[in-house]
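Asks: Please find one structure pasted underneath; my questions will follow.
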Amino acid sequence: MTKRSNRVAIAILGATAFTLAGCREDQVDAQAFPDLQSCTDQVTPGGMFSAQDCEIAVAEAETLHLESAPRYDSLSVCEEQHGEGACGSEASATQSGSGSIFMPLLSGYLIGSMLSGRAGMSAGQPLYKTKGGQYTNAARTSTFSGNSGATKLNTSQFTKPATTAGKAPMTRATAASRGGFGKSASGRTGFGG
Amino acid sequence: MQKMTLPERPQWRDHARDVGFTFADMHGEPYWDETSAYAFSLAQIESDIEDPATELHAMCREAVGHVLASNTLMDRLAIPVAHRDLIIDSWQRDDPEIYGRFDFAYDGNGPAKLLEYNADTPTSLYESAAFQWQWLEDQIAAGVLPEGSDQFNGIHEALVARFGEVFAPDTQLHFTAAQGNPEDYATVEAMGWAAREAGLGAHYCDLEKIAVSDEGQFLDDEDRVIGTLFKLYPWEDLLRDDYANHIAGSQCQFVEPAWKALLSNKGLLPVLWHMFEGHPNLLPAFFEEDIADALAGTGAPASDVAAAFERVAAQLRAGHVTKPILSREGASVSILKAGEIVEQAQNTDYREHPRIVQAYASLPQFDGFRPVIGAWIIGPQCVGIGIREDRSRITQDLSRFKPHYITP
C-alpha cells in the first residue's frame, strides 16, 4: 500500500483542462494599432499584412464602430466605463444618431490575418479605452494592455459584435453587468496562498 | 526528516516546458528545486503530519460553529455584517469543501506546529500533486531513489474522488482566477483536470469577465449561466467587490464555500487556542488588541483571556509573530524576540488589518534554508504534502518548492 496516487495525469498546463480534446480554437496572427498610418507604416514586403489589408480592416472596424460600439444613456456612465474625455455623443459620431446617447471614441484597431469574408467574422475590430487605461473590444469581453503590437489571438476575438445601434442604451446598472469581481486589492497579481 | 542532496533529472527543464510548467523558474530564481529533497520515515508522515492534520481540520470545523454563534468573533474576523447570513447559510446547508492546506513548522521531532490554514485559495497544487509525483517516479526508475521509496501524495486521486462524491455526474463546473497569473491558473487547471477525470464538465472564465444576468445569475464570458463556481479568489475580497450583493441570490454554488472565510482568516488561530488550549499541534495565539499592552508590560490583558495569557506569557515574550488577520504570502508578518523585531516582511499590503499574536515556532534549518510543510486536506482528510523552503523565516512568494520522499 503506497501513500501516493496510483496514476497522475501530468496535466499539460495552458487551457487544455478546460477544452475538449481536438476542439482547441484556431488562432490567427493579429496586430493592434492606434490608427491607419501606424498600420501602413509597418507594412513590409512578405509581412503579415499589406497596405490594402490595413485599409480594409480599418474600414471594417469603423463600420462596426458605428453599428456595435457600446452605447450608454449618459455621458457620465460612458466615462465611468471608458475614462474621462473618452466618450462622445452618438449624434457626433453618426449622422442619424441621438444627442442623448453616448459612445466611447474609437481608439484603435485590431486586425486579424486571413479572416476577411468569413461569415460572422470581421478581420478589423474597433478598440476602446477602458477606465483602467487598457483597451477593450466592442462587446467589452476582452481586454488588451495596449493598442499596438502583434500577437496570436483566438479567431473568436474576430466574431462580429452584436449591433447596438437602435437598441436601448446601457444604463448605469446594465453597464456594470460585467466585471464586478476582481476589483478588490488591485495591484496584486495572484490571489492564492 | 533529512535533507538529501540528489542528482537532478537531466531533462526536467524540458519536461517542465513540455507540460507548460512555465514558472519552474521565476524572477531568475529556481522555484522548483530538485537539487535536494526531504526524506521522511513513514512514522513521521503518518503520526506527526497526516493524522494531526486530519484532526486539525475537524477542530477547524468545530471552530466554524463557534465563530458563527458569536457576533463578537465575526467582528474580530472582520466579516462584513451585510454578508454574515450568506456565510451562516452556507454552513447550515453544509455546502461541501473541496480542499485546503495547513502550513506546519516541523523538524522531524515532536509535534508539527500549525502556522496557519490556507483553507480558501491554496496554491502550489500542481507542483504538489503532479510535478512532484512525476519526480518520484522518474527518480525511482533512474535508480536515484531506492525501489520501495514512497511519497505522501494521494492528492490527485483524492481530488478526483472528492469531486465525484460532491457533484452528480456531468455537472458543469466553472473555474475562475484573476487573469494573467500563471501560478494561480496552474492550480485552477490541476483542479479542472481532476474534475474532468471525475466525469464532470470543466470550463474556465477569467474572474474579471464574469457578468451578472438580468435575473441576477452569474454568467461566463460566453454568457452561459454559472451553476457552480470554483474561484481561486479569496472570500474576503469577494465580499468586498461590486458583485458581493449578487452572491446570495445568484443560485450559484461557490467552491470553496462561503464558510471557509472563517478558516482562511488568521483570527482562526486565537479561536483554536481558546477552544483547544494546550493542543500539541497548536501554538499559543491571541488577538493583538487583547494582549498588546500586557505583552509590552504596559497594561493588563483583556479579562477573558488573562488566565490563558499568563500561562504562556513567558513563551510569547521570548518570541512571537504578529500577523494581520487577512494576509497572504507572508505579507505584513513581523517576528519579535524579547521585544526586538528580528524579521519583518517587506510586503506590507495587509498592514491596515487587525492583527493576531502567535508564539514563535522556529523553523528548522537545513543548509541555510527553512522548510515549511504544506499538508493538503481534500474533503475531511490529509492526503499529501508539499514543501517550500526559504532562507528567510517568513515563507514568501519566492520560496522554493522541494520534493520529498518516504524512505523504504
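The values are calculated or read from the model by the stated rules, or taken from the named source; none is laboratory data. Predicted, not measured: the structure shown is a model, and the values here were computed from it. Please note: Cβ atoms are built from the backbone with ideal geometry, for glycine as well, and neighbour counts cover all protein chains shown.
Asks: Looking for something of a type outside the set (F, W, Y), part of a loop (DSSP other than H, G, I, E, B) and over 30 Å from B:A248 (Cβ atoms) - is there at least one such residue anywhere in the range B:79-91?
Replies: So the first thing to find is which residues in the range B:79-91 are of a type outside the set (F, W, Y), and the list is B:79-90.
Keeping just the survivors that are part of a loop (DSSP other than H, G, I, E, B) gives B:79-80.
If we keep only those that are over 30 Å from B:A248 (Cβ atoms) too, we end up with none.
Taking every residue of the range B:79-91 in turn, none turns out to be of a type outside the set (F, W, Y), part of a loop (DSSP other than H, G, I, E, B) and over 30 Å from B:A248 (Cβ atoms).
Asks: For the subset of the range B:114-133 comprising residues that are of a type in the set (F, W, Y) and within 18 Å of the chain's Cα centre (by Cα), which member is farthest from the other protein chains (Cβ to nearest Cβ)?
Replies: B:Y117
Asks: What is the one condition in (1) at pLDDT 95 or above; (2) out of contact with any Gly (no Cβ under 7 Å at 6 or more places or on another chain) that B:S327 does not satisfy?
Replies: B:S327 satisfies all of (1) at pLDDT 95 or above; (2) out of contact with any Gly (no Cβ under 7 Å at 6 or more places or on another chain) except (1).
Asks: Could you tell me which numbered condition A:G97 fails, if it satisfies all but one of (1) surrounded by fewer than 22 Cβ atoms within 10 Å (Cβ to Cβ); (2) part of a strand (DSSP E or B)?
Replies: Result: A:G97 fails condition (2) only.
Asks: Only one of B:D75, B:D85 is modelled with pLDDT under 95, assigned by TED's automatic domain parsing to the domain that holds B:W133 and within 19 Å of B:W235 (Cα to Cα); which?
Replies: Just a single option satisfies the conditions, and that option is B:D75.
Asks: Moving to a separate point now. Any chance the range B:175-196 includes a residue that's touching a Cys at 6+ places or on another chain (Cβ under 9 Å), without any contact (Cβ under 8 Å) to a residue 60 or more places away in the chain and either part of a loop (DSSP other than H, G, I, E, B) or surrounded by 20 or more Cβ atoms within 10 Å (Cβ to Cβ) (or both)?
Replies: yes
Asks: Do you know which of the residues in the range B:4-56 that are among the charged types (D, E, K, R) and closer than 20 Å to A:K3 by Cβ is surrounded by the most Cβ atoms within 10 Å (Cβ to Cβ)?
Replies: B:D48
Asks: For the condition among the aliphatic types (A, V, I, L, M), more than 8 Å from chain A (Cβ to nearest Cβ), touching a residue at least 12 places away in the same chain (Cβ under 8 Å) and over 23 Å from B:Y31 (Cβ atoms), what is the one hit in B:A202, B:A161, B:A168?
Replies: Of the residues listed, the single one that is among the aliphatic types (A, V, I, L, M), more than 8 Å from chain A (Cβ to nearest Cβ), touching a residue at least 12 places away in the same chain (Cβ under 8 Å) and over 23 Å from B:Y31 (Cβ atoms) is B:A161.
Asks: So which residues in the range B:134-153 are surrounded by 24 or more Cβ atoms within 10 Å (Cβ to Cβ) and at the interface with chain A (Cβ under 9 Å from one of its Cβ atoms), if there are any at all?
Replies: Result: B:Q151, B:F152, B:N153.
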